[in-house]
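First comes the structure, then the notes that go with it.
What follows is calculated from the coordinates using simple rules that are stated; it is not laboratory data. Because the structure is predicted, anything quoted here is derived from the model rather than measured. We place every Cβ from the backbone using ideal geometry, glycine too, and count neighbours over all the protein chains shown.
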Amino acid sequence: MAAGALAPTIVVGLLWRKPGEYTYENSMVTPAGARIALIAGTLTAIVAGQNDWVTEVFGGPVILAAVVTTLCLLIISSLTRKS
């Protein structure tokens, strides 16, 4: 489950930055976006792990959870970012 929720959050947080210096304040990920993405990814992995069709379609719950985590992180961070 950690691979589906935590890994995408870390990777996106490290790569999605404003041009310029690579400092903590330069990340485009907001705390609200990270929190919601971690919760959504974890819940997706738990629920998807209990369904057999997820394994047949996605190969397991981790891939689906990673996609949900990444989408939530990008969308929520874009909506909650200060200009």
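Pairs meeting the criteria (first residue in the range 31-52 and without any contact (Cβ under 8 Å) to a residue 60 or more places away in the chain, second residue crowded, with 18+ Cβ neighbours inside 10 Å and hydroxyl-bearing (S, T, Y), beta carbons under 7 Å, at least 6 apart or on different chains) are G33/S77; A34/T9; A37/T9; A37/T69; L38/T9; A40/T69; G41/T69. Applying the selection to the range 3-52, what residues are assigned to a loop (DSSP other than H, G, I, E, B), at negative phi and not β-branched (V, I, T)? Of everything in the range 3-52, those that are assigned to a loop (DSSP other than H, G, I, E, B), at negative phi and not β-branched (V, I, T) turn out to be W16, K18, P19, E21, Y22, M28, Q50, N51.
Residues in the range 22-57 that are among the charged types (D, E, K, R) and closer than 18 Å to R81 by Cβ were compared, and the one that is farthest from the chain's Cα centre (by Cα) is E25. If the condition is being aliphatic (A, V, I, L, M) and either in contact (Cβ under 8 Å) with a residue 60 or more places away in the chain or outside any helix (DSSP H, G or I) (or both), then the range 53-67 contributes V62, L64, A65, A66.
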